[in-house]
Amino acid sequence: MRFLVLFSLLFSVLMFPAAEARIRRYRWEVKYEYKSPDCFQKMVITINGQSPGPTILAEEGDTVIVELTNSLLTENVAIHWHGIRQIGTPWFDGTEGVTQCPILPGDTFTYEYKVDRPGTYLYHAHYGMQREAGLYGSIRVSVARGKTEPFSYDHDRSIILTDWYHNTTYEQALGLSSNPLDWVGEPQSLLIQGKGRYNCSLVSSPYVCNATSPQCSPYVLTVVPGKTYRLRVSSLTSLSALSFQIEGHNMTVVEADGHFVEPFVIKNLFIYSGETYSVLVKADQDPSRNYWVTTSVVSRNNTVTPPGLAIFNYYPNHPNKSPPTVPPVGPLWNDVEPRLNQSRAIKAHHDYIVPPPHTSDRVIVFLNTQNKINGYVRWSVNNNSFNLPHTPYLIALKENITGAFDPTPPPNGYDFVNYDIYNVANNTNATSSNSIYRLQFNTTVDIILQNANTMKKNDSETHPWHLHGHNFWVLGYGKGKFDNFSDPIKYNLIDPIMKNTAPVHPYGWTALRFRSDNPGTWAFHCHIESHFYMGMGVVFEEGVERVGKLPSSIMGCGKAKGLGGRP
């Protein structure tokens with residue numbers, strides 16, 4: 001009997017060894033190269049010559065180590081690991097001015113962090129406006145060995161959607177910092193996995209725009225008839241909200257920002273900058289032809305930016321064989337209702353519900369406003385426009401450096417009674433500041449994001465807000481002005497989805513809840529590149545006294561110049 005027991009144990013160990021976390025090492029060089037992602041040649045920031053950069057592949061519980069060399073020569077850099085909570089490593093969040101000093105030209109910096117949950121995540125530049133110059137990529141974290149997901153598929157693919165400008169980030173930043181404002185305008189192209197197509201007939205020189213360049217041949221997604229594909233669709237647009245669809249095919253949403261979704265079927269996926277989704281698509285249509293994959297702009301007038309196109313290629317058809325149909329037309333750009341309905345449809349999978357606390361300890365209302373400060377156009381929160389300090393908050397707070405930022409607490413709300421969200425406001429009381437929100441550690445915080453009119457009549461924009469270091473429960477979306485008494489009664493406390501990025505729809509509100517249980521300093525901001533650059537963001541501090549010893553590699557700027565190992 002004893003022999004049988006020992007044999008059984010030995011068999012189990014040999015056949016089902018304990019899953020061990022692994023170390024995933026990457027060595028990257030970040031530099032500028034001339035690329036033509038939409039046929040128009042411009043300088044692109046690449047990683048090892050690629051844009052999008054290499055996909056990080058890992059398993060739940062693994063440690064990722066990225067050794068990054070900054071070869072930009074004239075620019076600093078920092079990379080944020082979007083959706084990775086950085087539990088125990090807040091200094092590697094990659095947010096310049098918040099968690100680290102930037103990486104200087106010629107320097108090599110090592111990021112090291114644990115991927116603590118499976119799902120679809122991103123990485124991208126978090127210095128200036130470098131993200132929209134091509135510095136981004138995917139992170140795909142699979143479930144630990146021995147675990148299963150609540151859905152099945154045959155193949156796994158990652159697709160990043162972006163918009164694309166021909167002006168450099170330098171030109172755009174200068175325009176946004178000018179008086180009068182020189183707005184960036186609408187993007188010239190939409191890219192699908194780094195590929196798009198601009199109309200070269202609009203450009204006089206064939207050397208600048210070459211329609212035959214292989215760099216701008218359409219992205220091809222090859223599928224085998226009858227197979228089911230998990231498409232991890234992410235958006236890193238700098239401005240645009242998008243609709244994504246595959247001609248003739250339904251999509252089933254199964255994951256959002258690393259959390260399993262109660263499955264629901266859609267024809268097109270509305271996706272906002274910073275969001276990630278997994279959709280299941282079955283190759284169940286006529287296999288004798290290929291089909292269009294399209295993206296189109298919503299929430300902004302999409303007559304300016306043409307749709308992005310890729311090919312859904314049924315094997316063994318030739319991958320460059322164009323579909324015999326015209327690409328499907330996307331939804332109306334100014335129809336808010338279907339976008340709001342999809343946001344509300346996203347619920348936690350019934351087997352993976354994480355119940356939120358039923359009450360909160362603190363409520364902060366953020367009114368998204370557009371202002372003029374000393375003649376300069378700025379985006380603000382509660383009429384307070386955010387500026388990053390020269391000394392990162394994490395370093396200043398942990399090392400007790402005084403004078404690094406404004407210690408005055410920023411406003412917790414706005415004049416709810418008198419502020420008219422439907423009209424252009426006279427925001428003459430707007431100010432700029434680098435003050436931060438100090439949260440009591442391990443408490444429950446509610447954030448109400450309220451949208452309003454811009455400085456243009458009858459105009460309210462969509463703002464996707466991203467929280468670093470946390471996942472939050474999305475308790476609800478609403479139209480009009482949030483009512484502090486009646487709207488909380490309607491919160492979804494049964495099966496709310498957890499996310500790290502959520503949209504605020506035009507003239508509407510979004511209610512979020514999270515636990516302040518991750519020691520560090522964390523950015524919370526609109527993920528539209530120009531909006532954050534112009535001040536639409538805040539920073540939370542929680543439990544900094546619990547943060548371990550800071551690595552010297554993150555220091556060397558502002559008032560931290562004498563603290564770190566960097567000059």
P324: over 23 Å from the mean Cα position of the chain (by Cα), farther than 17 Å from K267 by Cβ and outside the structural domain of H505 (by TED's automatic domain parsing), yes or no?
-> yes
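This table checks each residue for (1) among the hydrophobic types (A, V, I, L, M, F, W, C); (2) surrounded by 17 or more Cβ atoms within 10 Å (Cβ to Cβ).
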residue: D420; (1), (2): no, no
residue: V424; (1), (2): yes, no
residue: I447; (1), (2): yes, yes
residue: T454; (1), (2): no, yes
residue: H463; (1), (2): no, yes
residue: G469; (1), (2): no, yes
residue: W473; (1), (2): yes, yes
residue: Y477; (1), (2): no, yes
Is one or more of the residues making up segment 22-45 surrounded by fewer than 22 Cβ atoms within 10 Å (Cβ to Cβ), of a type in the set (S, T, N, Q) and in a strand (DSSP E or B)?
-> no
If you check R117, R27, R131, R85, which single one turns out to be in contact with a helix residue (DSSP H, G or I) (Cβ under 8 Å, 6 or more places away or on another chain), basic (K, R) and not assigned by TED's automatic domain parsing to the domain that holds G274?
-> R131
If only one of G248, G330 is open to solvent by 20 Å² or more (accessible area, probe 1.4 Å), modelled with pLDDT under 95 and over 14 Å from L231 (Cα atoms), which one is it?
-> G330
Unmet criterion (only one of (1) modelled with pLDDT of 95 or more; (2) touching a helix residue (DSSP H, G or I) at 6+ places or on another chain (Cβ under 9 Å); (3) charged (D, E, K, R)) for R566 = (1)
Look at S51 and say whether it is within 20 Å of the chain's Cα centre (by Cα) and at pLDDT 95 or above.
-> yes
Do the conditions hold for N167, that is, is it assigned by TED's automatic domain parsing to the domain that holds T294, within 30 Å of N199 (Cβ to Cβ), of a type outside the set (A, V, I, L, M, F, W, C) and open to solvent by 20 Å² or more (accessible area, probe 1.4 Å)?
-> yes
Segment 197-206: number of residues that are surrounded by 15 or more Cβ atoms within 10 Å (Cβ to Cβ) and in a loop (DSSP other than H, G, I, E, B) | 3
Looking at S552, S460, S486, which one is free of Cβ contacts under 8 Å to residues at least 60 places away in the same chain, in contact with a Leu (Cβ under 8 Å, 6 or more places away or on another chain) and among the polar types (S, T, N, Q)?
-> S552
So which of C209, C216 is crowded, with 23+ Cβ neighbours inside 10 Å and more than 21 Å from R339 (Cβ to Cβ)?
-> C216
How many residues of segment 282-322 are of a type outside the set (S, T, Y), part of a loop (DSSP other than H, G, I, E, B) and open to solvent by 10 Å² or more (accessible area, probe 1.4 Å)? The answer is 17
Yes/no for V261 being crowded, with 23+ Cβ neighbours inside 10 Å, of a type in the set (A, V, I, L, M) and over 22 Å from I139 (Cα atoms) | no
Given the conditions (1) assigned to a loop (DSSP other than H, G, I, E, B); (2) touching a helix residue (DSSP H, G or I) at 6+ places or on another chain (Cβ under 8 Å); (3) open to solvent by 10 Å² or more (accessible area, probe 1.4 Å), report the number of the one that T391 does not fulfil.
-> (3)
If you take the residues in segment 521-566 that are in a strand (DSSP E or B) and β-branched (V, I, T), which one is surrounded by the fewest Cβ atoms within 10 Å (Cβ to Cβ)?
-> V538
If we scan segment 443-458, do we find a residue that is in contact with a helix residue (DSSP H, G or I) (Cβ under 9 Å, 6 or more places away or on another chain) and assigned by TED's automatic domain parsing to the domain that holds P519?
-> yes
Can you tell me which residues in segment 399-442 are of a type in the set (G, A, S) and farther than 21 Å from S460 by Cβ?
-> G403, A404, S432, S433, S435
Collect the residues in segment 176-195 that are among the hydroxyl-bearing types (S, T, Y) and open to solvent by less than 20 Å² (accessible area, probe 1.4 Å), keeping them in residue-number order.
-> S189
Just to be sure, is Y123 assigned by TED's automatic domain parsing to the domain that holds R25, at pLDDT 95 or above and among the aromatic types (F, W, Y)?
-> yes
Flagged in segment 92-116 as touching a Leu at 6+ places or on another chain (Cβ under 8 Å), farther than 15 Å from L467 by Cα and open to solvent by less than 30 Å² (accessible area, probe 1.4 Å), in numbering order, are G97, Q100, I103, F109, Y111
State whether the residues of segment 110-125 include one that is over 25 Å from G49 (Cα atoms), out of contact with any Cys (no Cβ under 8 Å at 6 or more places or on another chain) and in a strand (DSSP E or B).
-> yes
Inter-residue pairs, beta-carbon under 6 Å, first in a loop (DSSP other than H, G, I, E, B) and in segment 407-423, second of a type in the set (A, V, I, L, M, F, W, C) and surrounded by 10 or more Cβ atoms within 10 Å (Cβ to Cβ), 6+ apart | N412/I364; G413/V365; Y414/L367; I421/A452
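The values are calculated or read from the model by the stated rules, or taken from the named source; none is laboratory data. Nothing here was measured: the structure is a model prediction, and the numbers come from that model. Reconstructed Cβ throughout: ideal geometry from the backbone, glycine too, with neighbour counts over all protein chains shown. Note: areas computed on protein heavy atoms with side chains; ligands, DNA, RNA excluded. Shrake-Rupley method; radii C 1.70, N 1.55, O 1.52, S 1.80 Å.
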